[in-house]
Amino acid sequence: MSKKKKKYYYNEKNNYYKKNNNTNKTKKILDGVDLISKEENNLNEEVLQDVKPLNIEEVKQEEPKENLNTDLSKNKNKTVNDHIQSFVSILFTIIIFIALILLIFVLYNNYLKEDKNLECDTATVCQDYIKKDYGLKEEDVLNFIKDSRSFLYNIYQIDTNNLKNNDLIQFATYYIWGLEGDYILCEEEEENCLVSKKEISFSDLKTAFKKYLNIDNLNITFNSNFQENDRVRLFLRDDTVVLTFSEFSYQTLKHDVVDVRIDSDEVTVIFALSKRFDETNYSYTGSKKMILKYVDNRFVIQEITTNLLSS
């Protein structure tokens with residue numbers, strides 16, 4: 001005996017499903033909804049209690065509040081990270097672009113650009129480079145001039161890049177002249193000696209040339225052809241350099257420092273020269289320019305030039 005399938009139909013008015021016990025009754029269907037007679041609507045209350053209406057609101061379940069906040073925080077952090085990565089990428093792209101422009105500029109100036117003017121203005125070029133600071137002060141220059149005035153004031157022209165024997169004789173003469181110590185009287189039988197003299201060993205003279213002119217190997221020829229009316233003579237006797245004088249008066253020009261220019265290890269000094277014409281008054285006679293180089297913690301003479309007014 002086969003079991004008959006239980007059939008249910010939907011009651012639109014009372015919102016429940018009803019078991020169809022009368023399978024022989026004919027049903028009318030309209031738009032997919034069973035139409036039944038009024039008699040069939042009179043269901044007893046027990047059936048109504050067994051079948052409850054479907055409440056759609058109860059099906060909805062709210063997500064936990066903590067999970068929702070966590071998801072929002074993750075999304076927010078992800079958005080911030082995306083913005084940071086975008087900014088870093090843009091910044092890195094800009095840096096690379098600027099670096100490429102600089103590289104092209106350097107390559108163009110060094111290798112591609114034609115040099116229309118082959119002559120180089122060294123004064124301008126040197127300004128583009130960082131120079132070593134020797135810490136020189138004007139006071140250091142003035143102290144050097146004061147200690148060396150015996151020969152600095154008497155030398156009018158010299159260029160260490162083009163030294164002649166006469167320049168060496170001139171420097172040796174005024175250097176020995178300014179040495180400390182008294183003059184020594186010449187002996188009557190002393191050859192080539194005039195009235196008084198000062199002496200220095202040749203090795204000490206070489207040291208002076210190294211100190212003030214930066215000359216390592218001194219190659220100087222002393223004069224041996226003297227005249228009767230000589231007032232000053234310089235000669236070499238054995239290993240001693242002798243500077244001898246006759247009786248005469250001598251006066252150097254007055255040197256007033258008007259400008260000291262310090263450019264790294266090079267120093268330029270400008271003097272105003274004047275000559276005394278009575279006990280207290282001087283008259284301007286010209287100017288002197290001296291260029292010094294700072295080498296091994298000392299000043300070395302590079303060049304001296306003098307411009308005197310025509311009398």
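Quick notes
Table: residues versus (1) in contact with an Asp or Glu (Cβ under 9 Å, 6 or more places away or on another chain); (2) at pLDDT 95 or above; (3) part of a strand (DSSP E or B); (4) open to solvent by less than 40 Å² (accessible area, probe 1.4 Å).
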position	(1), (2), (3), (4)
Asn223	no, no, no, no
Asp230	no, no, no, yes
Leu234	no, yes, yes, yes
Tyr250	no, no, no, no
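This table checks each residue for (1) more than 19 Å from Ile158 (Cβ to Cβ); (2) crowded, with 16+ Cβ neighbours inside 10 Å; (3) at pLDDT 95 or above.
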| site | (1), (2), (3) |
| --- | --- |
| Ala172 | no, yes, yes |
| Ile176 | no, yes, yes |
| Glu180 | yes, no, no |
| Tyr183 | yes, no, no |
| Glu189 | yes, no, no |
| Ile200 | yes, yes, yes |
| Ala208 | no, yes, yes |
| Leu213 | no, yes, yes |
| Asn217 | no, no, no |
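- In region 286-307 there is no residue that is open to solvent by less than 70 Å² (accessible area, probe 1.4 Å), over 41 Å from the mean Cα position of the chain (by Cα) and not small (Gly, Ala, Ser).
- Condition met for Val269 (loosely packed, with under 14 Cβ neighbours inside 10 Å and either within 37 Å of the chain's Cα centre (by Cα) or part of a strand (DSSP E or B) (or both)): no
- Scanning region 132-161 for residues that are farther than 20 Å from Ala272 by Cα, of a type in the set (S, T, N, Q) and open to solvent by 50 Å² or more (accessible area, probe 1.4 Å) yields a single hit, Asn161.
- Under the condition of being assigned to a loop (DSSP other than H, G, I, E, B) and β-branched (Val, Ile, Thr), the residues counted in region 199-221 number 3.
The values are calculated or read from the model by the stated rules, or taken from the named source; none is laboratory data. Everything numeric here is computed off the predicted structure, so don't read it as measured data. No Cβ is skipped: glycine too gets one built from the backbone with ideal geometry, and neighbour counts run over all protein chains shown. Accessible surface is based on the protein model in full, side chains and every heavy atom, while ligands, DNA and RNA are left aside. Shrake-Rupley method; radii C 1.70, N 1.55, O 1.52, S 1.80 Å.
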